[in-house]
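A short write-up of the structure that comes next.
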Amino acid sequence: MGCSAFYLYVAGSRPTHVGVVFLTVYIFLLICIYKINVLPSPSLPLVTSTFEIYFKKRRKRTTRRKTEEDDQTKKKKQDQPNYFISLPITNPEITRGIQAVQDIVVQKDHRLSQAMIRYGSLHVTLLVMHLSNEEEVGTAVRALLESKDAVEELLQGKHLDLSFQGIDDFRNQVVFVKFAASHHTAALTEISETMKKIFQEKGILAGENRAFKPHLTFMKLSKSPELRKQVKKIDPHLYENFKSHYFGDETLYRLDLCSMLKKKQPNGYYHCESSITVEDEEENKAVGAMGQLCCFPFSRNEEKISEKNGAEPDDAELVSLSKKLVENAVLKAVQQYLEETQTKNRQTDGSPVKTEEAASGNKNEK
């Protein structure tokens, strides 16, 4: 008996007891369920299987898409920059000016104390990169040492004095000091692009997709995840009195390969893997002047300090050049100490210190 015929039979019958009616309905439902799930039917299994196939395919596509998105997110996280080329800010005038701005901002909103960059960490980023292991770090160190000649060639033996004036922000999330003149930005952009090319030729994943915009960051919300829950934007009115303030000049004389993740130095500056110093004609003249004063010809170019028809240098010139020599001597001593310390640390950690790297470093120090 078919389900429909059975239904008509039950509906047409008039049982005297209610229990018989419920029993009949119950038996009818059991027969229908059995017919749908067990007995062959010309239409229902086809519909059921079609929907099952559709949902299985949809679930499979969703799972595959989610897996691909997870892989992309994981890869993106793995490729995030963890090293950078830093131009350190060492002029006390600049650091004092920035500290004054930070103090005033914190007085107005104490929560932003968590967003402040310590004066020892102040720098301008020229290039970011991702280094996966110590081997890639060593490759990056060699690339940095090789870029020294290229940077000096771009500067053509001249100082690059960077003037900092005014304050700006990125979407009220990052606040920074601006460069005073556009030609500074152009010069740094050229240096950054040159170094990026050298690093990429070494197989280093360096650079970003966005345009290079050099700046000196001193406050950012991303320093504290907890702070970002409380403060969504940094109010520009907090530092409006400094929007055109002149902070001072910084001379490009050193570039560092720094880690974003390794423990910072006691002075607040980043862990430094290696550094290069940028020499200029004045430094060579200073070395030559001291060579003449000491009656010892140790000038790099073995040239006379003064080009005034062979005249002796005046007192002001000697004082200026002597001061320059002392500054460079101190800088080189500090750099040599850092390099020796880093070498010892690597040997202690069991990391291979490559002869080629050491040779390159000695060559560039000569």
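Nothing in this text is a laboratory measurement; each read-out follows from the coordinates by a stated rule. The shown structure was predicted, so the numbers you read here are calculated from the model rather than taken from an experiment. Here Cβ is always computed from backbone atoms with ideal geometry, including for glycine, and neighbour counts include all displayed protein chains.
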P(r), alpha carbons of the range 151-190 - 10 Å bins starting at zero, rounded %: 26, 44, 23, 7
Proportion of all alpha-carbon pairs of the range 162-266 beyond 23 Å (%): 44
Stretchable slack from R111 to Q156, in nm (0.36 nm times residue separation minus alpha-carbon distance): 11.6 nm
Square roots of 5 times each gyration tensor eigenvalue, C-alpha, the range 167-219, largest first, Å: 24, 15, 8
The range 150-247: GluC sites (Glu not before Pro) in DSSP coil with no more than 12 other Cβ atoms inside 10 Å: E208
Computed Rg/Rh of the range 123-190, alpha carbon atoms with Kirkwood Rh: 1.06
Efficiency of FRET between E240 and E190 - r from beta-carbon atoms, R0 35 angstrom, step 0.05: 0.55
Protection-proxy order for peptides 262-271, 159-168, each taking the mean of Cβ atoms within 10 Å per residue, highest first: 159-168, 262-271
Separation of the D103 and T277 label points, Cα + 7 Å toward Cβ, nm: 3.3
